[in-house]
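The values are calculated or read from the model by the stated rules, or taken from the named source; none is laboratory data. Only a predicted model underlies this, so the values are computations on that prediction, with no experimental measurement involved. Backbone-built Cβ (ideal geometry, glycine too); neighbour counts: all protein chains shown.
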Amino acid sequence: MEELDKFNAIVLGIIFDPKEKKILIGKRINDPFVPKLSWCFPGGRLKIKDEVDKALKTHIKKKTGYDINNLGAIFSKIENDKEDLLLVYFLTQVFEGVEKPGDGMTELKWIHPKELRTYFTTSFNKKLEQYLLDLV
Amino acid sequence: MEEETIKQQTEEPKSTDPFHILLVSIIFDPKKRKILIARKEKDPELQDLKWIFPGTELHHGEDLDQTLKKRIKEKTGFKVKNLGAIFSKVYPERKDYLAIYFLCEIFKGEFKPWKFYKEMEWVDPEELEKRFRSSFHPRLKEYILNLK
C-alpha cells in the first residue's frame with residue numbers, strides 16, 4: 001500500500017468587519033513554523049482529533065479575544081519553501097467578545113484590505129489578496 | 001464518507017501528528033444545476049461501492065490548484081476552472097485525514113470516467129445525500145444546496 005505524504009495544517013481566520021471594511025491582523029513573535037513572520041492572520045495549528053470549525057474558533061478566541069462566526073473556507077495554499085505546511089483560510093466575522101491579544105500575539109490592528117500587503121513580510125498570495133479586495 | 005482514497009486505520013494517531021490531505025472537487029454545472037459524482041470499482045480496502053466527489057490525495061511539492069485540475073482531468077475527462085476553497089473538514093472516521101473542498105466549473109473536455117470509476121453521473125444537489133453512505137457534513141450540504 002502506498003504511504004501518503006503528511007502535512008502540518010494551520011487554520012487561519014480572515015476576520016472581516018463589513019461596516020468598517022476592515023480586517024483584523026495580529027503581530028506575533030517567535031512563530032514556531034515561520035520565524036520571520038510578524039503581522040499575520042490569527043489562527044493556529046490543527047491537531048489530530050480537532051474539528052476544523054471548533055479549532056478555528058478556539059485559536060481565534062485565544063489570540064484575539066473574539067468569538068467569531070465562521071462563514072466558510074475561502075482559500076488554501078502550501079506555504080512557500082515549506083512543502084509540508086498547508087494553510088487553510090476562513091472568512092469570519094466577530095459576533096461578541098472584547099479585543100485582547102493573546103497566545104503569542106503582541107498587538108492587534110484593524111486595517112483595510114489594501115493595506116495588507118504593506119504589513120506582511122512573507123509572500124502574500126495574489127489570489128487571496130484579490131479575494132479580500134473584492135470584499136469591500 | 002464521500003471520498004475515495006481513505007484507507008482503513010491501522011493505529012491511533014497522536015494529537016500532534018501531521019495530516020494526510022485530500023483535495024475534493026465539487027464540480028458544478030450552473031446551467032443544468034447539477035453536480036458530478038462517481039462510483040469506484042470494488043476496492044479490497046473499502047467495504048463497499050459508494051458514490052463520491054472526485055478527488056485526490058496531495059503529495060509534498062505539489063501545487064494545490066494544479067494538482068486538483070490535473071487529477072480531475074484524469075478522473076473525469078473534464079478541464080475545470082477552480083473557483084476556490086469552500087469547505088474543509090477532518091473525517092470523523094479518520095481523524096488524521098483533512099479534506100479541502102474546491103468549487104469547480106467545467107470549461108472544456110468530455111465525459112470520460114477514469115478506469116477505476118465504475119460509474120460517473122450528473123445529479124441534482126438535492127439527490128446527493130441519498131447517494132452517500134455516510135456522513136455528508138451539514139455545512140457542506142447547505143453550501144451545495146445554495147449553489148445557483
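Note on the range A:70-112: among residues that are among the charged types (D, E, K, R) and within 11 Å of chain B (Cβ to nearest Cβ), the one that is surrounded by the most Cβ atoms within 10 Å (Cβ to Cβ) is A:LYS77. For the range B:25-48, the set of residues classified as at pLDDT below 70 and of a type in the set (A, V, I, L, M, F, W, C) consists of B:LEU46 only.
Residues that are surrounded by 15 or more Cβ atoms within 10 Å (Cβ to Cβ) and hydroxyl-bearing (Ser, Thr, Tyr) number at least 1 in the following strands (runs of 3 or more DSSP E) confined to the range B:15-119: B:20-29, B:55-57, B:78-90, B:97-109. When the residues of the range A:118-136 are filtered to those that are more than 13 Å from chain B (Cβ to nearest Cβ), more than 16 Å from A:LEU87 (Cβ to Cβ) and without any contact (Cβ under 8 Å) to a residue 24 or more places away in the chain, which remaining residue is surrounded by the most Cβ atoms within 10 Å (Cβ to Cβ)? Out of the qualifying residues, it is A:LEU133.
Looking across the range A:41-56 at every residue that is out of contact with any strand residue (DSSP E or B) (no Cβ under 6 Å at 6 or more places or on another chain) and either more than 14 Å from every other protein chain (Cβ to nearest Cβ) or charged (D, E, K, R) (or both), the one that is surrounded by the fewest Cβ atoms within 10 Å (Cβ to Cβ) is identified as A:LYS54. Suppose the filter is more than 14 Å from chain B (Cβ to nearest Cβ), at pLDDT 95 or above and exposed (fewer than 14 other Cβ atoms within 10 Å of the Cβ); does A:LYS19 pass it? Spelling it out, A:LYS19 is indeed more than 14 Å from chain B (Cβ to nearest Cβ), at pLDDT 95 or above and exposed (fewer than 14 other Cβ atoms within 10 Å of the Cβ).
Can you find even one residue in the range B:112-134 that is closer than 28 Å to A:LEU91 by Cβ and within 14 Å of chain A (Cβ to nearest Cβ)? Within the range B:112-134 (the criterion being closer than 28 Å to A:LEU91 by Cβ and within 14 Å of chain A (Cβ to nearest Cβ)), the answer is no, since none of the residues qualifies. Of all residues in the range B:48-91, those that are touching a residue at least 60 places away in the same chain (Cβ under 8 Å) and within 11 Å of another protein chain (Cβ to nearest Cβ) total 3. Is it true that some residue in the range A:31-39 is within 14 Å of chain B (Cβ to nearest Cβ), crowded, with 22+ Cβ neighbours inside 10 Å and either aromatic (Phe, Trp, Tyr) or under 21 Å from A:TYR131 (Cβ atoms) (or both)? Within the range A:31-39, not a single residue is within 14 Å of chain B (Cβ to nearest Cβ), crowded, with 22+ Cβ neighbours inside 10 Å and either aromatic (Phe, Trp, Tyr) or under 21 Å from A:TYR131 (Cβ atoms) (or both). When A:GLN93 is tested against the conditions (1) more than 24 Å from B:GLY84 (Cα to Cα); (2) in contact (Cβ under 8 Å) with a residue 24 or more places away in the chain, the lone failure is (1).
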